[in-house]
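The values are calculated or read from the model by the stated rules, or taken from the named source; none is laboratory data. Fair warning: this is a prediction, and the values are worked out from it, not measured in the lab. Virtual Cβ from ideal backbone geometry, glycine too; neighbours counted across all protein chains shown. For accessibility, only protein heavy atoms count, side chains too; no ligands or nucleic acids. Shrake-Rupley method; radii C 1.70, N 1.55, O 1.52, S 1.80 Å.
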Amino acid sequence: MAEIVQQRIENRIPELEQLERVGLFSKKEVKATALEYKLHRLIITKVDFIAYIQYEINVLELIKKRRSVSFESHINYYIHDLDLFHWFISFCRLHICSYNKVFSSMLAIHPEKPALWIMAAKSELEDRNMSESARHLFLRALRFHPESKKVYQEYFRMELLHAEKLRKQQKELEQAEMDVYEFSPEIMSGKLAELVYRDATGKIQGADFILSLLTIAAIFDFTKELQDTIIQDLQSKYTDDSLTWDFMAKRELEATVGEELQTAKGRASDIARREERCCQVYEEGLKSLNTEAMWACYVSFCLERFKRKTNVQELKEKRQERLLAVLQRAHDSSLLKEDFYKNWLQVLLSSGDSEQTAAVAMAATQRYRQSVDVWCLALQTMVHLGSGATGKLFQDALKHVNPKLSLPLWQLQVEWSMTSQSPEETEALFQRGLLSVVPAVSMEIKEKYLDWSYRAGGYKKARKTFTSNLRDFYERALREFGSTDDGEILKSAFKAGHFKSHRDHCMSVATLTTKRLPVGQ
């Protein structure tokens, strides 16, 4: 029997050695194996089994406790390392360890971090089911962060979660027909959450914040009265905010239908009526709030509805007509955001209205004369339409745009010229680009010039183009580094960034070794 016990002991040696190695058990504790022998006596009693089971339970509990203590000691050593703290909390939750003291220590050192307060409060509610402790932590957090939107949002959510939990418990008890104490109706209806809402909106202003609380309340099915209260506050206090009108307009889409509509055409008609009511709300908002933000909300709504797929052609045409009309009105008011011109041109191009597309492209450049993106968009549109005024438009663009930002315009113009203009005109464009005072532009033009020369005239033209470019490199390097040695000049010029790529460097070396370029010739 002793051999069996010895074998089992040997099988456990790696685990025991690991426990000793990490400092959780002492050598003396590792060698405590007396109970193994007791179970292999000739006469085994129930007491022996109970004692052994209790022994194993105690060992496991001791390992868990010492592991937690050991981890806490490391956490205390790295108490300012929040990443380590997050790992520690994950470890404790996985192994069901207590970490309240660590939270207390972290909050004492980092009270300025709202996320820690929120994490601590959530752990009290979710892991320990202690709503009072969670509430207390949120109240303490608000003393440090009285205007923290995130703290108020999570506090509001916590009270609603607590109310929902009580409602579920009450329902289960009623179904079981148990005569027990009933929870407070005020708490279960979300009155505590309403108090949080009142306190929060008294300190933090803004339609966006109220809407964030409304979004949280809408998750719960027992908050209709609370939602109505929030909406009333929104309408009475923030009619000067486009978000309020945007929310009120989109609510019209959620209106219930009196009878179920079976046919696609019937559903489309109902959707069309709802969208029309949404637009009426936007129009009402524009009467008192004619701003870029308000128009942006209106256009975004129309654009979103336009992009929705439908098999009913009438609804599709109505949405396009409405979108184009709103875009035009916003532009006429000089309140259409830059990004929407791209959408406008896309819709017009897809409809085949070339004249109107060109007019909008030109109007966009007048509205945003210094925007590189707008000029590129307009130029791409004019190139697509094959307009004869494209060349002049490129020159106008370069006059209005900051030269340091003009590289996309040069790239676009070069691509257009190589496909649409004569070789002479393209060469003249490259020559103008070489004279640019912006290094990024001149370097890009030199590389494209060389590639184009090879494609247009073969090796001889490419060599001639490269030689003319290289002479400029060589003369600048000579003036800067004061050497007549070709290798030293090229090496210094390459380090200084005069050559854009290793290919330029290699080609330069090949050219110079074939034919020396005298300065000034």
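The table below lists the values:
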| item | result |
| --- | --- |
| V257 being modelled with pLDDT under 95, loosely packed, with under 14 Cβ neighbours inside 10 Å and of a type in the set (A, V, I, L, M, F, W, C) | yes |
| Pair list, Cβ < 8 Å and 6+ apart or interchain, from the range 198-221 residues that are part of a loop (DSSP other than H, G, I, E, B) to residues that are open to solvent by 10 Å² or more (accessible area, probe 1.4 Å) | I204/E147; I204/K149; G206/Y238; G206/D241; A218/Q227; F220/E164 |
| Residue within the range 379-393 that is open to solvent by less than 70 Å² (accessible area, probe 1.4 Å), farther than 26 Å from L324 by Cβ and not in a loop (DSSP other than H, G, I, E, B) present | yes |
| Residues of the range 197-224 satisfying the condition of being over 29 Å from the mean Cα position of the chain (by Cα) and within 25 Å of W245 (Cα to Cα) | R198, D199, G202, D221, T223, K224 |
| Some residue of the range 219-235 being aromatic (F, W, Y), over 13 Å from R157 (Cα atoms), surrounded by fewer than 20 Cβ atoms within 10 Å (Cβ to Cβ) and touching a Gly at 6+ places or on another chain (Cβ under 9 Å) | yes |
| From D221, D179, D199, residue being modelled with pLDDT of 95 or more and not aromatic (F, W, Y) | D199 |
| Options S133, S104: the member that is polar (S, T, N, Q), out of contact with any Pro (no Cβ under 7 Å at 6 or more places or on another chain), part of a helix (DSSP H, G or I) and surrounded by 15 or more Cβ atoms within 10 Å (Cβ to Cβ) | S133 |
| Test: E284 is under 30 Å from L243 (Cβ atoms), in a helix (DSSP H, G or I) and open to solvent by 20 Å² or more (accessible area, probe 1.4 Å) | yes |
